[in-house]
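This report refers to the structure that appears directly beneath it.
The values are calculated or read from the model by the stated rules, or taken from the named source; none is laboratory data. Nothing here was measured: the structure is a model prediction, and the numbers come from that model. Virtual Cβ from ideal backbone geometry, glycine too; neighbours counted across all protein chains shown.
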């Protein structure tokens, strides 16, 4: 029975994570840290924002550059959204956010390219920011609504982008069970801790799943086998 279980798990692991693992391993063996320049830049930028916003003079400038609240005018929120992804949330440990960026952004950059990683991350972040405004308009009595107090919540950090990228990479590399686990964990987060961040994560997932559905229907799929060495010069598969 033990041998059967080990063999069954091995087949599942090879099917679920094999192509993704081979792609990441081969890129890191070949290029080492040069495989993820955008990710390293994002880690450095987030670290700088963390250091600056914890100084006596730097908190307000960082908020002016990258802090998004639902109470802000829409044009201002859209202007700040790109940098808000790299401004650490005030109520979470920064090391956790840096680890998320290094791991998930790094895998995504290797697997789908740096510019797609940024685009998908911004789509997910923007979906969460947009949901916050819609949820406030619906009101606390609506199942998808939000309380008025959430209009002042400081909405920064990479978590929505991380969740969206995880779902996209799982779809792209056919790790469907892993992607389903990510979605279920985010649903559980909302059920256990019904806050703005959790609901924004679900909005990010919905946006990325819609993007995946669109690409599956109309997008061009690569002819290169998944798990092969990614080409250079960011001509990775769509």
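Some points to look at:
- Condition check for residue 166: surrounded by 15 or more Cβ atoms within 10 Å (Cβ to Cβ), at pLDDT below 95, under 15 Å from the mean Cα position of the chain (by Cα) and part of a helix (DSSP H, G or I): no
- Taking the conditions (1) in contact (Cβ under 8 Å) with a residue 60 or more places away in the chain; (2) farther than 15 Å from residue 160 by Cα; (3) buried (at least 18 other Cβ atoms within 10 Å of the Cβ); (4) touching a helix residue (DSSP H, G or I) at 6+ places or on another chain (Cβ under 7 Å) in turn, residue 49 satisfies each one other than (1).
- Number of the exception - residue 72 against (1) without any contact (Cβ under 8 Å) to a residue 12 or more places away in the chain; (2) over 23 Å from residue 204 (Cβ atoms); (3) touching a helix residue (DSSP H, G or I) at 6+ places or on another chain (Cβ under 9 Å): (2)
- Selection of the stretch 105-125 for residues being closer than 20 Å to residue 199 by Cα and surrounded by fewer than 22 Cβ atoms within 10 Å (Cβ to Cβ) yields 122, 123.
- Residue check, residue 234 under 25 Å from residue 45 (Cα atoms), modelled with pLDDT under 90 and buried (at least 17 other Cβ atoms within 10 Å of the Cβ): no
- Test: residue in the stretch 142-162 that is assigned to a helix (DSSP H, G or I), in contact with a helix residue (DSSP H, G or I) (Cβ under 7 Å, 6 or more places away or on another chain) and closer than 23 Å to residue 19 by Cα: yes
- Condition met for residue 131 (crowded, with 21+ Cβ neighbours inside 10 Å and either farther than 18 Å from residue 43 by Cβ or without any contact (Cβ under 8 Å) to a residue 12 or more places away in the chain (or both)): yes
- Test set (1) touching a residue at least 12 places away in the same chain (Cβ under 8 Å); (2) closer than 24 Å to residue 175 by Cα - residue 99 fails condition number: (1)
- All positions within the stretch 88-104 that are surrounded by 16 or more Cβ atoms within 10 Å (Cβ to Cβ) and either over 14 Å from residue 128 (Cβ atoms) or touching a strand residue (DSSP E or B) at 6+ places or on another chain (Cβ under 6 Å) (or both): 88, 94, 97, 98, 100, 101, 102, 104
- The C-beta contact set for the stretch 14-34 (first residue in contact (Cβ under 8 Å) with a residue 40 or more places away in the chain, second residue part of a helix (DSSP H, G or I) and crowded, with 18+ Cβ neighbours inside 10 Å, distance under 6 angstrom, 6+ apart or interchain) comprises 23/111; 24/107; 24/110; 27/35; 27/110; 28/35.
- Any hit, the stretch 177-193, residues being surrounded by fewer than 21 Cβ atoms within 10 Å (Cβ to Cβ), in contact with a helix residue (DSSP H, G or I) (Cβ under 6 Å, 6 or more places away or on another chain), modelled with pLDDT of 90 or more and more than 28 Å from residue 87 (Cβ to Cβ): yes
- Flag for residue 213 being modelled with pLDDT of 85 or more, part of a helix (DSSP H, G or I), out of contact with any strand residue (DSSP E or B) (no Cβ under 7 Å at 6 or more places or on another chain) and surrounded by 15 or more Cβ atoms within 10 Å (Cβ to Cβ): no
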